[in-house]
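Visitor: Let me begin by handing over the structure; questions about it come next.
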Amino acid sequence: MTPTYTTKAGFPYPAGATAHKDGVNFSIFSRHATQVELLLYAGAEQIEPFQVIKLETQVNRTFYAWHVFVEKLPAGIWYTWHVDGPSNPRETGLRFDKDKHLVDPWARAVSQKLWNRQLACQPGDNGHSSIRGMVVDDNYDWEGDTPLVIRSENAIIYELHVGGFTRHSSSQVKHPGTFAGLIEKIPYLQELGITHVELLPIMAFDEQDVPPGTADLGLLNYWGYSTHSFFSPHPGYCVTPEQGTHIQEFKDLVKALHWAGIGVILDVVFNHTAEAGANGPFINFRGIGSDIYYHVDPLDKSIFRDYTGCGNTVNANHPLVANFIITCLEYWVDEMHVDGFRFDLASAMARGEDGRPLHDPPVLWGIELSEKLSRTKLIAEAWDAAGLYQVGSFPGYRWAEWNGRYRDIARRFLRGEKGLIGELATRICGSSDLYHPEGRLPINSINFVTCHDGFTLYDLFSYNDKHNLANGEHNRDGCNNNLSWNCGIEGPTEDPAILALRERQVKNTFALLLLSQGVPMLLAGDEVLKSQQGNNNGYCQDNETTWFDWNISGKSREILEFVKCLIALRKRNPCLMRRRFLHGEYLPERDLYDVTWHGVNINEALWNDPEARILAFTLAAATEEGTDLHIMLNMSDDKVDIELPVLKNRLWGLSIDTSKSFPNDAIAPAEQKPYRKRKYPIEAKTVVVMESLLRKWWNF
């Protein structure tokens, strides 16, 4: 029989459940609560609590914090909260419900074994179907590990889904779809050559948060953009979550990645929560202070303002909420050793309490100026779902941005649109028009062409239109403006010419991305020609549609080897990873400018030609012993002879030609032969890269 534990008043700080040698301190913030109860459970699936502790206002409340110390309570106990108070949503925005079981927003480990979202949306007791928090006593041996410090200009980011990366049967890992499964695939990441993984949301999220039509098909929230417990790793990615091993399992992953020299960036969702709109479920924030945590309409506070497309918007610049967010981020850096964060719909966090954009949002500056986050990479998706678009103007200086302008111009150029070479050149050079005027740098630009949201790279050149019927929303979901090109036939085909063109376009895209100044981001699976059959919104497809297929052979293997070579090319050429913008500076020792632009002929870029689809440029080596590069982009429909610049004491060697078949499409330096002709015949829809060869290689 579980004993009954004695209690003391406890302390307001820190929030959450904090284990001590002589018991556990519990603290939760609720400004307008009038009565609070703590419910303790022996196991995550135990229906009835073994003890209910009623907190007294005169003993267990300090200002707005409710707290209690439970003597001799061990770690491993599960718990929920009852919070009662006024409920007048229209007038005050308050929605207290004394019968609802709330999970602690500061819980370090949670269980969703009993969770039923529909019951949490209805009035009445949901104790038999609530999310539970666990008391965690974390004693982890980091073995000297600390967050990595990799300079941003040297970073190559790889966006992946923890579950989908190893759930396919071909992964052959011991624990598919988990942090442990990902550890087994670290050798693949090392071989690929990336420097950071950017993990789709791994903070605990509600898998049941999908529209009715989607739920009717038995589909769940797969991506994870429905967070409810921001301090807890997602139990679905753990091997033994019922034992509360969330923290240990995640730390094992971080430590293993760090040992491999790979940084960890978390995709975090502070713009909205899993509690949805006015009729959403009671999980935590709604039941302790929805008037504080969410944007509400000032005239009818029962209405949640929705700048995210998800039913609610976190009121991020309220002092309490801003403190919660910053404390949470510092926890993941201090305690979990993560190296950076990518903020989903980050512009929603720039809105003040009245919903209007702020010039200097306190929460964003608080994150930027936090000493504990000073060496942490900060990446913003610099827009929200209500039309606020801040690419190039996101508040702060240290923040990098997902460069949507880069994505769009790259897609348009690669599919053959004309007259774009001026803006394309600007994007290739790090988008100085967006970042230089405010004193920012090329590293503020996260360059990408594909990400989890949208077509995979192979589908970008296989489909003109989205094909999302499998999501249960009658193809209404997902983006309609994909800037894609199916190369002549919609979807699968046996036509060898179209298949060859699609593969070449994939190579062209990787080449453009990895030859651009700024920080490149690759989508996991693109390097092996992953397709989602035209589904551009796989948020609910936890199946082979989205999973990484480890049966890598044939053309997939050839593209993978090509991408490895491109990444190696970038890493060995510092001129592709400049921290400062190129300015056309003349380098007399090289008899070159840091960058020189060309067209078909040397020094004759086709800036004013509205039909132009050809751009070439020369990058001078960044170091005395480094390599010069000459890059030619031909997205026209014709083969063209392009003139090569003459080098001082060097010759050109062919490094990349996307029109050639494997293994001649990418040539390592030791295998490059001097190219002695003045012009290079570049095929249609092709990218070519020349690397300068030192004199010692000339006799090859």
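Visitor: Rounded to a whole number of µm²/s, how large is the Stokes-Einstein D of the stretch 126-182 at 20 °C and 1.002 mPa s, given Rh as the Kirkwood radius over C-alpha pairs? Working shown, then result.
Guide: Details: Rh = 15.7 Å.
This corresponds to a translational diffusion coefficient of 137 µm²/s.
Visitor: List, in the order given, every pair from Lys639/Lys685; Lys639/Lys677; Lys571/Lys673; Lys507/Lys677 whose Cα-Cα distance in the structure shown is over 19 Å. Please report the intermediate quantities before stating the final value.
Guide: Numbers: Lys639/Lys685 9 Å; Lys639/Lys677 17 Å; Lys571/Lys673 21 Å; Lys507/Lys677 25 Å.
Beyond 19 Å: Lys571/Lys673; Lys507/Lys677.
Visitor: Tell me whether the stretch 28-90 comes out rounded, prolate or oblate; compute the Cα gyration tensor, take square roots of the eigenvalues as a ≥ b ≥ c, and use a/c under 1.5 as the rounded threshold. Write down the numbers at each step before the final one.
Guide: On the way: a/c = 2.70, a/b = 1.53, b/c = 1.77.
Verdict is oblate for the stretch 28-90.
Visitor: Using a ≥ b ≥ c from the Cα gyration tensor of the stretch 651-695 (square roots of the eigenvalues), is it rounded, prolate or oblate, where a/c under 1.5 gives rounded and otherwise the larger of a/b and b/c decides, a/b for prolate? Mind showing how you got there, number by number?
Guide: On the way: a/c = 2.54, a/b = 1.33, b/c = 1.91.
It is oblate, given that a/c is not under 1.5 and a/b is not larger than b/c.
Visitor: The list (i) 1.81; (ii) 1.41; (iii) 1.03 gives values of Cα Rg over 2.2 N^0.38 Å, and only one came from this structure; which label was calculated from it?
Guide: Among (i) 1.81; (ii) 1.41; (iii) 1.03, the one calculated here is (iii).
Visitor: Which of Asp609, Asp22, Asp459 comes first, and how do the rest follow, when ranked by fewest Cβ neighbours within 10 Å? Before the final figure, lay out the partial values.
Guide: Numbers: Asp609 13, Asp22 10, Asp459 26.
Ascending number of Cβ neighbours within 10 Å: Asp22, Asp609, Asp459.
Visitor: Something else: Taking the chain as the reference, fit the longest principal axis to its C-alpha atoms, fit the long axis of helix 319-334 to the helix C-alpha atoms, and give the angle between the two in degrees, 0 to 90, nearest 10.
Guide: On a 0 to 90 degree scale, this one is about 60.
Visitor: Run through all the Cα pairs of the stretch 194-307 and give the fraction in each 10 Å bin from 0, expressed as whole percent.
Guide: 13, 35, 32, 16, 4, 0
Visitor: Size of the dipole of the stretch 583-697 about the Cα centre, Lys and Arg at +1 and Asp and Glu at -1 on the beta carbon, nothing else charged, in debye to 20? Let's see the in-between values first.
Guide: Working: 14 positive and 19 negative charges, 109 e Å.
The calculation lands at about 520 debye.
Visitor: To continue, here is another question. Would you calculate a helix-derived [θ] at 222 nm for the chain, using -39,500 (n - 2.57) for each DSSP H run of n ≥ 4 and dividing by the full residue count, to the nearest 500? Don't skip to the answer; put the middle values down first.
Guide: On the way: 17 runs with 147 residues, N = 700.
Roughly -6000 deg cm²/dmol at 222 nm, from the helical runs in the chain.
Visitor: So for Ser556, Ser290, fewest C-beta neighbours within 10 Å to most, what's the order? Write down the numbers at each step before the final one.
Guide: Numbers: Ser556 18, Ser290 25.
Placing the least packed residue first, the sequence is Ser556, Ser290.
Visitor: Here's another thing I want to ask about it. Taking other Cβ within 10 Å of each residue's Cβ, how do Cys238, Cys121 sort, fewest first?
Guide: On the way: Cys238 23, Cys121 14.
Going from sparsest to densest Cβ surroundings: Cys121, Cys238.
Visitor: Let me ask something additional. Inverting the mean 1/r over all pairs of different Cα atoms, compute the Kirkwood radius of the stretch 1-157 and quote it in Å. Show your work: numbers first, answer last.
Guide: Details: mean 1/r = 0.0583 Å⁻¹.
Averaging 1/r across every pair of different Cα atoms and inverting gives 17.2 Å.
Visitor: Let me ask something else. Can you give the Kirkwood hydrodynamic radius for the stretch 583-697, in Å, rounded to one decimal and based on Cα pairs? Walk me through the numbers before you get to the answer.
Guide: Details: mean 1/r = 0.0688 Å⁻¹.
Roughly 14.5 Å, rounded to one decimal.
Visitor: Does the stretch 608-658 come out rounded, prolate or oblate, given a ≥ b ≥ c as the square roots of the eigenvalues of its C-alpha gyration tensor, rounded meaning a/c under 1.5 and, failing that, prolate meaning a/b above b/c?
Guide: Numbers: a/c = 2.49, a/b = 2.05, b/c = 1.22.
Because a/c hits 1.5 or more and a/b exceeds b/c, the stretch 608-658 counts as prolate.
All of the numbers you see were taken from the coordinates with simple rules; none came from a lab. Only a predicted model underlies this, so the values are computations on that prediction, with no experimental measurement involved. Virtual Cβ from ideal backbone geometry, glycine too; neighbours counted across all protein chains shown.
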